[in-house]
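The values are calculated or read from the model by the stated rules, or taken from the named source; none is laboratory data. Worth saying up front: this structure is predicted, and the values here are computed from it rather than measured. Quick reminder, even Gly has a Cβ in these numbers, built from the backbone with ideal geometry, and neighbours come from all protein chains shown.
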Amino acid sequence: MDNITGLADFHAAIANLQANLTKQLPVIVAQAANTTEQEIESRMQVDTGEMKQSLEVVQTAHENSATATVQVSNSGKGANQHYAIFQEYGTSKMQARPFFRPGVEAAKDKVQAQLIEGVLAVVEQNGR
């Protein structure tokens, strides 16, 4: 291993790439989550607008990972927006008016492209 030239530079470049990816990952994931949120929101039925206003993105970043969850806040049992589940799946007396699952499905390809483009942009910037 002592005869390999440039190995220290290679290790430094990889460490730098990892640091830059770790720094940019929450931004990349947030952009993808916002795309999903927009697709879901565009499919929501609006009566009072309260459920649409309660649609949110919750982000979490850790040392080597980032997550973003799109959710209807206050939608649990007994909460203000508990009827979101009834809109999505229907009831015995109401036809389903899905908005969440179709929104996620519509965003899937866009989100995948955004994630790939975001990571590749960091890799390309790091290579300069």
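Restricting attention to region 27-52, and to residues there that are touching an Asp or Glu at 6+ places or on another chain (Cβ under 9 Å) and either closer than 13 Å to ALA68 by Cβ or surrounded by fewer than 18 Cβ atoms within 10 Å (Cβ to Cβ) (or both), which single residue is modelled with the lowest pLDDT?
LYS52
Among the residues in region 25-34, are any more than 30 Å from VAL122 (Cα to Cα) and among the aliphatic types (A, V, I, L, M)?
The answer is no, given that none of the residues of region 25-34 is more than 30 Å from VAL122 (Cα to Cα) and among the aliphatic types (A, V, I, L, M).
Looking at region 1-19 only, could you name the residues that are assigned to a helix (DSSP H, G or I) and either in contact with a Leu (Cβ under 9 Å, 6 or more places away or on another chain) or loosely packed, with under 15 Cβ neighbours inside 10 Å (or both)?
LEU7, ALA8, ASP9, PHE10, HIS11, ALA12, ALA13, ILE14, ALA15, ASN16, GLN18, ALA19
Filter region 100-117 down to the residues that are within 21 Å of ILE85 (Cα to Cα) and of a type in the set (A, V, I, L, M, F, W, C) and list them by number.
PHE100, VAL104, ALA106, ALA107
What pairs come out if I take residues in region 3-29 that are under 26 Å from THR60 (Cβ atoms) and touching a residue at least 12 places away in the same chain (Cβ under 8 Å) and pair them with residues that are surrounded by 12 or more Cβ atoms within 10 Å (Cβ to Cβ) and among the small types (Gly, Ala, Ser) whose C-beta lies under 6 Å away, six or more apart or interchain?
LEU25/ALA66; PRO26/ALA61; PRO26/ALA66; ILE28/GLY118; VAL29/ALA66; VAL29/ALA68
Return the total of residues in region 88-127 being under 21 Å from ASP47 (Cα atoms), in a helix (DSSP H, G or I) and touching a residue at least 24 places away in the same chain (Cβ under 8 Å).
Of the residues in region 88-127, the ones under 21 Å from ASP47 (Cα atoms) are 88-103.
Filter once more, keeping what is in a helix (DSSP H, G or I): 88-89, 100-103.
Remaining after also requiring touching a residue at least 24 places away in the same chain (Cβ under 8 Å): 100, 102-103.
Summing the residues that are under 21 Å from ASP47 (Cα atoms), in a helix (DSSP H, G or I) and touching a residue at least 24 places away in the same chain (Cβ under 8 Å) in region 88-127 gives 3.
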